[in-house]
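Following: one structure in structure tokens, then a few remarks.
The numbers here are math on the coordinates, done by the rules we state, and not lab data. Worth saying up front: this structure is predicted, and the values here are computed from it rather than measured. Note that we place each Cβ from the backbone using ideal geometry, even for glycine, and neighbour counts take in every protein chain shown.
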Amino acid sequence: MRTAIRAHDFGTVFRLARSEAGISYSKIAAECDIKPERVGLLARGHGSVTTFEKVARIADALRIPGAMLGLARREWEEPSAPHRALPRHLHPITTEGGGNEVRRREFFKSSAGAGLAVGLPELSRPKVGRRVGSDFPERLRERTTRLRRLDDVLGGGDTYRVYLGEYQATKALIRDATYSEGTYKSLLSVLSEQAQQAGWAAFDSGRHSDATGLYEASRTTAIEAEDTALAGNALAFLAYQAVSGDRQAGIETAARSCATAGPDAAPGVRALLQERLAWAYAVAGLAGETERALAAAESALAEIDDAPQPDWVAWVDRNELSIMTGRCWTELRRPLRAVPALETALAEYDDAHARDKSLYMSWLADSYLAAGEIEQAAAVTSRALDLSAGVASVRPRERLAPVLRRLGGHRALPEVAEALDKAQA
């Protein structure tokens, strides 16, 4: 039991609780606020529990000491030494899930060594009392900016609960604190930005319904905050999800995202939204519309000078536009256009960005296949597999799957056999 607890193997914890202590799954479900069928699935080895709120709930329900789970001492534990209460202005912010920021931070740090959660950078959420001053939203946005850098090197499986916790904490603050009308609008803008970051991590880790819900919440919040750029970006995220199913809906939503942000949006914002529109057109097979949207994105990038841009578009530059151009031409089955754009851009792409680089290499491999360059496609696929190994994102393997299936018809080639064996391993 101790081994299972320290590994956060709650399926084994539940199974032992029933077999050795006679606690029924229905009782565990009721006390831990988990559906009975999910308790049964976990006990049979299917799935895992990773969110801070749920782990804390299980700890309290089963009276598991916090230290065993990487949590702070639970309220029901006897203190080992007298302690003084914190002043009210230093009380941690309670999230909707019932956890708090201090416990959450300790959970992430202590869990990181076991590969259960990503260790947060040494960042503290800005302290705030019941009354929120006008400078607080900007300090909170700066923290959001720093935490966004985790996405440069980690997949959504590692970052989702971090970003979701930030979103929930800000949401609770808005609910419980007092502030001026102007500060309220600024807090809503930060909340919308945080919802988009959490939604992106959910999408990247395969939690598509969670992503949709967060994008929709972000859009509603951005509208209330009168932040048209963020409202437009929320629609762009929704369009990016939609194109894999309803292509026409994806195009319409992407076009609405550009219209919502409007012509007065920052150049970086317009470039990003036009890129997403180009992608929607490309997936639908509309070459002329794709080319026009890419040209619009390039024109917007040319307008960027020293004027400030939102941090959430900081990654959109000429190299990123080259990658999107190559991706679009790959979808349109134009390898002679796709390969040079992707090769040039990827040559400048650092391997530290393993998830994104492996993803983009999947489109390069796809284009090589379309051009009949089987060995080159296999070599690029092999490299993409190396990069994506251990990345907590479902997307690289999802993208590489059809490439690997097509390579399967050429197994007689040594380069292909090596790539296929690597994928199998």
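How large is log10 I(q)/I(0) at q = 0.14 Å⁻¹ when the Debye formula is applied to the Cα atoms of the chain, each weighted equally and without solvent? For the chain at q = 0.14 Å⁻¹, log10 I(q)/I(0) is -1.31. Put +1 on the Cβ of each Lys and Arg and -1 on the Cβ of each Asp and Glu in the chain; which of GLY199, TRP329, LEU273 then has its Cα farthest toward the positive end of the dipole? Value: GLY199. Ordering ALA211, THR145, GLY155 by Cα displacement along the dipole of segment 140-222 toward the positive end leaves THR145 in first place; charges were set at the Cβ atoms of Lys, Arg (+1) and Asp, Glu (-1). Computed over neighbours whose Cβ is under 15 Å from that of ALA21, the net charge equals +3, Lys and Arg +1, Asp and Glu -1. Think of it as helices only: each DSSP H run of n ≥ 4 in the chain is worth -39500 (n - 2.57), and spread over all residues that comes to -21000 deg cm²/dmol at 222 nm. For the pair GLU224 and GLU138, label points projected 7 Å from Cα toward Cβ lie 2.4 nm apart.
The charge dipole of segment 320-425, taken about its Cα centre with unit charges on the Cβ of Lys, Arg, Asp and Glu (plus for the first two, minus for the last two), comes to roughly 440 debye.
Going 7 Å from the Cα of MET1 along its beta-carbon direction, which residues of segment 21-43 have the amide nitrogen within less than 11 Å of the resulting point? Answer for segment 21-43: 21-23. Span-like helix criteria (full DSSP H runs; alpha carbon extent of at least 27 Å along the helix axis; mean Kyte-Doolittle hydropathy of at least -0.5) are satisfied in the chain by 181-204. Net length available on complete extension from ARG175 to ASP311 is 46.4 nm, with 0.36 nm assigned per residue and the Cα-Cα distance removed. Fully extending the segment from GLU31 to ALA412 would add 131.5 nm, taking 0.36 nm per residue of separation and subtracting the current Cα-Cα distance. Could you tell me which of rounded, prolate or oblate describes segment 282-365, using a ≥ b ≥ c as the square roots of the eigenvalues of the alpha-carbon gyration tensor, with rounded for a/c under 1.5 and, failing that, prolate when a/b is larger than b/c and oblate otherwise? Oblate is the answer for segment 282-365, as a/c is 1.5 or above yet b/c matches or exceeds a/b.
Among residues other than ALA379 with Cβ under 13 Å from its Cβ, the summed charge is -4 (Lys and Arg +1, Asp and Glu -1). About its Cα centre, segment 1-76 has a charge dipole of approximately 140 debye under the convention of +1 per Lys or Arg Cβ and -1 per Asp or Glu Cβ, with nothing else charged. Basic side chains Lys and Arg get +1 at the Cβ, acidic Asp and Glu get -1 at the Cβ, and with that the dipole of the chain about its Cα centre reaches some 1700 debye. Highest mean packing comes first when the peptides 164-176, 337-349 are listed by Cβ atoms within 10 Å, giving 164-176, 337-349.
Take each peptide in 398-404, 55-61, count the other Cβ atoms within 10 Å of every residue, and average; sorted highest first, the result is 55-61, 398-404. Between VAL190, ALA389, PRO36, the Cα set farthest toward the positive side of the dipole of the chain (charges on each charged residue's Cβ, about the Cα centre) is that of PRO36. The stretch between ALA425 and GLN248 holds 59.9 nm of extra length on full extension. This uses 0.36 nm per residue minus the Cα-Cα distance.
As a calculated quantity, the FRET efficiency between ARG405 and ALA302 at R0 = 51 Å, using C-beta atoms, amounts to about 0.80. Between ASP351 and ALA61, the FRET efficiency estimated from the beta carbon spacing at R0 = 60 angstrom works out to 0.85.
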